[in-house]
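K.L.:
Questions regarding the structure given below will be posed in turn.
The values are calculated or read from the model by the stated rules, or taken from the named source; none is laboratory data. The structure presented is a predicted model; accordingly, all values stated were derived computationally and were not measured. Cβ coordinates were reconstructed from backbone atoms using ideal geometry, including for glycine residues, and neighbour counts include every protein chain displayed.
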């Protein structure tokens with residue numbers, strides 16, 4: 001199953017992982033892993049369980065969770081495959097994996113990324129990805145390699161946040177746009193999740209899975225409700241790749257001004273505890 005590795009390449013200041021992947025420092029989750037686990041991982045847990053259910057994970061299956069983070073979907077999968085099954089969680093962040101490992105020792109975690117999967121062809125019955133597909137620099141290449149890792153008749157299942165424009169998102173964005181302007185904000189968003197619009201469109205989501213050579217495709221939308229404090233919401237926003245992209249554009253001084261102004265804006269406009277509803281798109285397909 002293991003043993004396939006290729007050198008990767010990308011422009012800009014690189015951070016090399018053991019898989020040969022080059023990643024710009026601001027994209028890495030290593031620096032925010034603890035905060036992500038504390039305030040953000042819970043928001044993906046229910047959707048991760050639903051992703052595993054929709055994929056049809058069951059006893060004896062061999063499952064690859066791409067972009068596993070701190071292991072939300074991988075743990076949901078290991079609870080279904082039983083003693084005869086196998087779950088592998090793959091992520092480029094060593095810190096995220098370090099936080100994932102103690103949760104469920106039966107999951108095997110590997111440092112790597114979707115553009116260079118270190119697995120032989122047809123190694124898995126199912127390949128899943130929870131909120132990762134919009135972040136791929138080259139989604140076509142990533143989905144092709146994920147499909148390669150599937151056996152014939154195997155299932156791929158992916159989730160992606162739907163586009164949202166709720167009051168909390170708008171308030172956070174408006175503060176950023178006041179400091180750097182709408183154009184630079186849009187540029188930061190494109191860098192952070194270049195394919196967010198594509199995979200939040202059900203038609204394009206389905207088309208992308210078809211282009212990866214998959215069939216029997218179904219795409220569906222589900223809603224999730226979260227409750228948290230204002231401070232937890234803002235800390236969670238700072239764990240996103242978008243926030244790190246904004247920090248890179250703003251520099252340290254303007255970033256600190258942004259954080260202070262965002263906190264003040266939320267204190268003026270919202271209650272101490274806030275409720276946030278987010279929609280998620282799921283795509284499930286089969287390799288012929």
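K.L.:
Confirm whether residue 152 is assigned to a strand (DSSP E or B) and over 23 Å from residue 48 (Cα atoms).
P.N.:
The answer is yes for residue 152.
K.L.:
Return the residues of the stretch 101-131 that are within 16 Å of residue 28 (Cα to Cα) and out of contact with any strand residue (DSSP E or B) (no Cβ under 6 Å at 6 or more places or on another chain); say none if nothing qualifies.
P.N.:
Residues satisfying the conditions are 111, 113, 115.
K.L.:
Starting from residues that are over 26 Å from residue 134 (Cα atoms) and in contact (Cβ under 8 Å) with a residue 40 or more places away in the chain, keep the ones in the stretch 247-270 and report whichever is surrounded by the most Cβ atoms within 10 Å (Cβ to Cβ).
P.N.:
266
K.L.:
Is the stretch 160-175 home to any residue that is part of a strand (DSSP E or B), modelled with pLDDT of 95 or more and within 17 Å of the chain's Cα centre (by Cα)?
P.N.:
Yes, the stretch 160-175 contains a residue that is part of a strand (DSSP E or B), modelled with pLDDT of 95 or more and within 17 Å of the chain's Cα centre (by Cα).
K.L.:
Which residues, taken from the stretch 1-30, are under 16 Å from the mean Cα position of the chain (by Cα) and either assigned to a helix (DSSP H, G or I) or modelled with pLDDT under 50 (or both)?
P.N.:
23, 26, 27, 30
Table: residues versus (1) more than 24 Å from residue 43 (Cβ to Cβ); (2) at pLDDT 95 or above.
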{"position": "240", "(1), (2)": "no, no"}
{"position": "248", "(1), (2)": "no, no"}
{"position": "253", "(1), (2)": "yes, yes"}
{"position": "256", "(1), (2)": "yes, yes"}
{"position": "266", "(1), (2)": "no, yes"}
{"position": "270", "(1), (2)": "no, yes"}
{"position": "283", "(1), (2)": "no, yes"}
{"position": "288", "(1), (2)": "yes, no"}
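K.L.:
Here is a follow-up. Report yes if some residue within the stretch 82-94 is free of Cβ contacts under 8 Å to residues at least 12 places away in the same chain, surrounded by fewer than 24 Cβ atoms within 10 Å (Cβ to Cβ) and under 20 Å from residue 36 (Cα atoms); otherwise report no.
P.N.:
no
K.L.:
Would you check if there is a residue in the stretch 183-192 being buried (at least 18 other Cβ atoms within 10 Å of the Cβ) and in contact with a strand residue (DSSP E or B) (Cβ under 6 Å, 6 or more places away or on another chain)?
P.N.:
No; the residues of the stretch 183-192 include none that is buried (at least 18 other Cβ atoms within 10 Å of the Cβ) and in contact with a strand residue (DSSP E or B) (Cβ under 6 Å, 6 or more places away or on another chain).
K.L.:
Within the bounds of the stretch 68-76, is there any residue that is farther than 26 Å from residue 279 by Cβ and crowded, with 18+ Cβ neighbours inside 10 Å?
P.N.:
Within the stretch 68-76 (the criterion being farther than 26 Å from residue 279 by Cβ and crowded, with 18+ Cβ neighbours inside 10 Å), the answer is no, since none of the residues qualifies.
K.L.:
Right, something else. Of (1) surrounded by fewer than 16 Cβ atoms within 10 Å (Cβ to Cβ); (2) farther than 25 Å from residue 65 by Cβ; (3) in contact with a helix residue (DSSP H, G or I) (Cβ under 8 Å, 6 or more places away or on another chain), residue 203 satisfies all except one. Which?
P.N.:
(3)
K.L.:
Every residue in the stretch 58-71 that is at negative phi and touching a strand residue (DSSP E or B) at 6+ places or on another chain (Cβ under 6 Å), please.
P.N.:
Matches in the stretch 58-71: 61, 62, 63, 64, 65, 66, 68.
K.L.:
Is there a residue being buried (at least 24 other Cβ atoms within 10 Å of the Cβ) and not in a helix (DSSP H, G or I) anywhere in the stretch 36-51?
P.N.:
no
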